[in-house]
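S.K.: Just passing along the structure, written as structure tokens.
The values are calculated or read from the model by the stated rules, or taken from the named source; none is laboratory data. Keep in mind it's a predicted model, so treat the numbers as computed, not measured. Don't worry about glycine lacking a Cβ; one is built from the backbone with ideal geometry, like all the others, and counts go over all protein chains shown.
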């Protein structure tokens, strides 16, 4: 057999047992491997790292999709032929992949013709080789993650970052970086979130980095506000309900004149003077059933929520800290210079949004739990219309009006909102009874 028929480099073909085993027996053998096997795991990672970015095109997913609705063992049998003919890394050749495809065609696998075409063989050979690299790398990262990296932290972090950049065994690599923690794992993650080569994996990497840095954020959030400049009105700062629960007013809160007065004071203090340049987004982002990628502001909100757990923590100093932290994390749209014009707009936008989410929860409580319309007339209906027209907590404001539509003031406000063609169509639609 000629050398160029091998699908894996010599370093992978020469891996020691059990790392060279492609059958189910490898998992059991690796479970018994002592932590001292770190050197072998690092050798596996060095050998399996491709020179260029790899992508899994999904030949096995296509095969599985073809049998999703069938109750037979064809899929298992098709998978078994791969390791039956190629039980070790030294056996992974194009010729044996061709033999596997012949078996697949005999099994009636719909993704393979009889006889298999050259294109089918080439595609399956490339994907199988990549699958082997990924499987071995994932096992090596898992072994290191069990504490076997002691004394090898820098090299382990470097290899994990390299795998993320080529798009192979990404989740396993990031898990190891999380286990490494500070400084090696965190430093590598901080570099990756700014690396264009990481591509679509950057958001995932950043989500893990946020978890790693959360204890520091929360520690800052627990510090009392002393000598810091508040950014929200006094009545808003005094609410005792935290951002961890979305500033939600508890359902068990008694409907008393005192609590209704507090709700009124919060809404009056935060009432917008006019339409805001960027309407406050709904705090419960849905993404249209997963069709849209999550917006970057969700990551920014996570950082802010940890640094500013209560309305009283929304200060200029912490807003600046949040901006710097988000820029460090590579979150899109966050200015690097808090003192610049973009930094000023960033602070203004987020103060408006936070105030809007707080107001939205006030409207939710008034609409859901305050049944006596006399307690809300006319101030609540007037404020709800004002908020809706200005693009602040519009959904919650309109919802409150709908829940109290039997009162004359609420019904009239809904009619005006529904008839105003300068307002967003969704707001007008919600106001239509």
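S.K.: For residues that are modelled with pLDDT under 95, part of a helix (DSSP H, G or I) and buried (at least 22 other Cβ atoms within 10 Å of the Cβ), tally how many sit in the range 382-412.
M.R.: 1
S.K.: Another one. Would you tally the residues in the range 329-361 being touching a helix residue (DSSP H, G or I) at 6+ places or on another chain (Cβ under 7 Å) and under 22 Å from residue 194 (Cα atoms)?
M.R.: Let us first name the residues in the range 329-361 that are touching a helix residue (DSSP H, G or I) at 6+ places or on another chain (Cβ under 7 Å), namely 329-331, 334-338, 343, 346-347, 350, 355, 358-360.
Adding the requirement that they be under 22 Å from residue 194 (Cα atoms) leaves 329-331, 334-338, 343, 346.
Going through the range 329-361 one residue at a time, the tally reaches 10.
S.K.: Also: Looking at (1) outside any helix (DSSP H, G or I); (2) under 20 Å from residue 365 (Cβ atoms), which one does residue 422 not meet, given that it meets all the others?
M.R.: (2)
S.K.: From the list 269, 244, 265, 261, which residue is surrounded by fewer than 19 Cβ atoms within 10 Å (Cβ to Cβ), closer than 24 Å to residue 331 by Cα and outside the structural domain of residue 48 (by TED's automatic domain parsing)?
M.R.: Numbers: 269 fails: closer than 24 Å to residue 331 by Cα; 265 fails: closer than 24 Å to residue 331 by Cα; 261 fails: closer than 24 Å to residue 331 by Cα.
Answer to the check: 244.
S.K.: Which members of the range 94-109 meet the condition of being over 9 Å from residue 78 (Cα atoms) and not in a helix (DSSP H, G or I)?
M.R.: Selection gives 108 alone.
S.K.: Identify, please: which residue in the range 332-351 is surrounded by fewer than 20 Cβ atoms within 10 Å (Cβ to Cβ) and under 24 Å from the mean Cα position of the chain (by Cα) and is, among those, nearest to residue 404 (Cα to Cα)?
M.R.: Across the range 332-351, the extreme among qualifying residues is 351.
S.K.: Moving on. Return the residues of the range 158-206 that are exposed (fewer than 15 other Cβ atoms within 10 Å of the Cβ), touching a residue at least 40 places away in the same chain (Cβ under 8 Å) and farther than 24 Å from residue 127 by Cβ; say none if nothing qualifies.
M.R.: Selection gives 194 alone.
S.K.: Considering 175, 182, which residue is outside any helix (DSSP H, G or I) and more than 30 Å from residue 355 (Cβ to Cβ)?
M.R.: Working: 175 fails: outside any helix (DSSP H, G or I).
Going through 175, 182 in turn, just one is outside any helix (DSSP H, G or I) and more than 30 Å from residue 355 (Cβ to Cβ): 182.
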